[in-house]
1. Looking at this structure, is residue 540 open to solvent by 10 Å² or more (accessible area, probe 1.4 Å), more than 22 Å from residue 481 (Cβ to Cβ) and at pLDDT below 95?
2. Looking only at region 565-579, decide whether some residue is in contact (Cβ under 8 Å) with a residue 40 or more places away in the chain, within 30 Å of residue 700 (Cβ to Cβ), open to solvent by less than 50 Å² (accessible area, probe 1.4 Å) and among the β-branched types (Val, Ile, Thr).
3. Being touching a Leu at 6+ places or on another chain (Cβ under 8 Å) and either among the hydrophobic types (A, V, I, L, M, F, W, C) or open to solvent by less than 10 Å² (accessible area, probe 1.4 Å) (or both) is true for just one of 492, 534, 501, 529. Which residue is that?
4. When only residues in region 407-428 that are part of a loop (DSSP other than H, G, I, E, B) and open to solvent by 10 Å² or more (accessible area, probe 1.4 Å) count, which is farthest from residue 496 (Cα to Cα)?
5. Among the residues of region 134-152 satisfying the criterion of being buried (at least 24 other Cβ atoms within 10 Å of the Cβ) and within 24 Å of the chain's Cα centre (by Cα), which is nearest to residue 629 (Cα to Cα)?
6. Inside region 469-503, can you point out the residues that are among the hydroxyl-bearing types (Ser, Thr, Tyr) and in contact (Cβ under 8 Å) with a residue 24 or more places away in the chain?
7. Identify the single condition in (1) under 30 Å from residue 238 (Cβ atoms); (2) open to solvent by 20 Å² or more (accessible area, probe 1.4 Å); (3) in contact (Cβ under 8 Å) with a residue 60 or more places away in the chain that residue 159 does not satisfy, given that it satisfies every other one.
8. Of all the residues that make up region 430-446, how many are modelled with pLDDT of 90 or more and either within 15 Å of residue 364 (Cα to Cα) or open to solvent by 10 Å² or more (accessible area, probe 1.4 Å) (or both)?
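The values are calculated or read from the model by the stated rules, or taken from the named source; none is laboratory data. Only a predicted model underlies this, so the values are computations on that prediction, with no experimental measurement involved. Note that we place each Cβ from the backbone using ideal geometry, even for glycine, and neighbour counts take in every protein chain shown. Heavy atoms of the whole protein, side chains included, go into the accessibility calculation; ligands, DNA and RNA do not. Shrake-Rupley method; radii C 1.70, N 1.55, O 1.52, S 1.80 Å.
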Amino acid sequence: MDVDTAGDAALSDVSAMDASMDAATGPLCMSNADCQGDTRCVTGRCAAWPDGLSDPMCATDIRPGVFAPTVQCEFRTAPAGDMFPNHTQVFNAVVVGDLSAGMRDPDQAPRPSIVAIFDTVTASAAAPTTGILRILDGRTCALQATLGEPTLLSSTSPAIADLDNDGLVEIVATLGSGGLIAYKQSAPGVWGVGWQTTRAGAPYAVPAGVWSAPTIVDLDDDGFGEVLRNGVVFDGRTGVFIGGLGGSAGIASYDPRANGGFGAHTVVLDIDEDNEPELITGDRIYRWDRVARDWVPETFRPAGGSVGHVAVANMGAYVSARFDAPEFPEVVVISNGGARIETLEGRVVFGPVAIPGGLGGPPTIGDFDGDGLAEFASAGGTQYMVFDPDCTATPRPGGRCASMTTNGILWVRPSQDSTSAVTGSTTFDFEGDGRVEAVYADECFLRVYDGTRGDVLYSAPHASCTWYENPIVADVDGDFRAEIVMGSNHLCGTVGVGRACAGLGPRNTDPIFPGLRCQSDGDCTSGSCVEGLCRCTTDAQCCGAGACDFVCVAPPAGTPGAGNTCRASRERGPNGVRVYQDVMDRWVGSRPLWNEHTYHITNVDDNLRIPRTSAVRRGWRLAGLNSFRANVQGRAGMMGVPDATAASATYTCTMDNVAVLRARVCNRGAAPLLDTATAGFYDADPSAMGAMRLCSAPLGRVVNPGACVEVSCNWPGAGMRATPTDVQVRVDDESVVRECHEQNNRTVLTRVVCPMIG
């Protein structure tokens, strides 16, 4: 697939030193787009690429303002013969990671999987305890494995990490009884129960209905992660109870009476930078005592305030007596209908600000307005809100409030979550412009909001009875681009539809989504872009390939421009798991993992090992990492893409008259070429009618910019042809890679013949 390129003209006039490396005697050219095979344009002639070089300007424009997701894949029904055909509902936030990450060859792209707990529509809405764990392929959503009996607490998320550092990832889930269970691999994809938690000979249990998820962190700095839930600590390798019941002080924030009776997620970070981990609960901060094997209250943070969900980041230059440097983090607390920011010593520096609808979900932190300072968001029962300390009478130095308010709120949008009022969200800078977008799903729609203004950039139907679930953003298919992953369920309302949604527009459309966006006519299936929105006359003009969630109706009142628009329709909500990607794969890259509900980038390494506490990077001090419940952001500006070339084709004949066809494949682009791309060998022009694909060869490794790899495949029919065949080679013959140029993907292997012997 061709993409827009930049810099061809500049690259046609290379430096004298660069030009001296080339024999510029090939065909005339004006830019690299005029050259075929493994050649480029040098001083008006096509010449061979020198080894190790590539085009740094091989890129595509991210096109800010055109936000166009589509359904990449989904898992909604169990395959034929599945032991649990009715377990197709997801009530929790999913996690993502390459479950063999530590054993993966560095020349191979990651193979992320989606891990989620599935339940049935007959589960208890208050505390569903009959879930099973499913592992899905991140590229296709196909079922890879089903683990366990239907005894898991499906209202809480699993967590994944390489707990024993053997290169294979374990999965930790919560049992309906309140205990924890870890699933372990004996070989890649071969699963069994590793351990279940015990204390004094009995399963560790918490009261029914507590939705808090497991957290994995290395408390004792020995290089192995411990598993925590509700502040209680277990050995990650064995499940043996270690401690952490809170001693005589108790840990009030994990009392299930807090947060509406749903419990709180365990957040552990070295927030005072003494290389020892702390447990942050909202009303206290505890340090881990390795000798007592328990949490001990920190003296610098006296008891006070109310319990709730927490997140940690540098929220501004707030200093105090002990922490007199502005680089130390603050604690964001969402507590029973209020939002606030505290210093590490407990001084409230922002809020509390009321959350309409009560309670409030786990906060997510990011730079919503591009001013270089962090803001945070939370969802209540009736509104989704972004809070900004600059939207007060005393803004932060260098900060700004785009909404010009003074009530602490950057923007607010209506939502429907009366069932729990504690759902989560995430942020991501999809366009690489320095401002994150917010991603949130209520009972009716999954929405993506502009971070500065709160405009709904995208909407898709959703269904949930709502627990602590939230969307996640990660490179879920290993293609070096970000995707959105969301679970859905029909536990409340009508099976197959979900809960009834209030205030819908015509044909059950999202009342606050004006329609699919565009910059030019070419961005729209209908070919009509007016005032930044695709205009249509039929539903078919709203739908490309894959699932279609849009109908052609009049936009909300006051929308600029004339004509109907393509709006998200919620006639029925999905169930199971959905993955969304940009329709042109233009979103910036991210990590291929999200390992737990309290994910904050530095809590887990790329190979899914848990870093030693003393080695954990302090995200609040690092550019691009000052966030919480958000993933790594890609770079701004032009987005690099690969450029596959084909050259140097050869062949040999075997004793049984098989032709071994070979070709040299290089990547002359500015991004890695995926190992799943193939080189096809044909007996004629691959685009010609009747051309036969003789054989094909996957690259088998990621080809980085400037690198080359030899591929080969066997053509058994070579000995059956009486005359020599000109074999045409085409790299990425299945057109799965977005490239700078397509014309240089071909080369010809002339006069291939392997005469019959005997």
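1. So residue 540 passes the test.
2. The answer is yes; a qualifying residue exists.
3. From the options 492, 534, 501, 529, the qualifying one is 534.
4. So, considering only residues that are part of a loop (DSSP other than H, G, I, E, B) and open to solvent by 10 Å² or more (accessible area, probe 1.4 Å), the one farthest from residue 496 (Cα to Cα) is 407.
5. Checked region 134-152; the qualifying residue nearest to residue 629 (Cα to Cα) is 138.
6. Within region 469-503, 488 is the sole residue that qualifies.
7. (2)
8. 6
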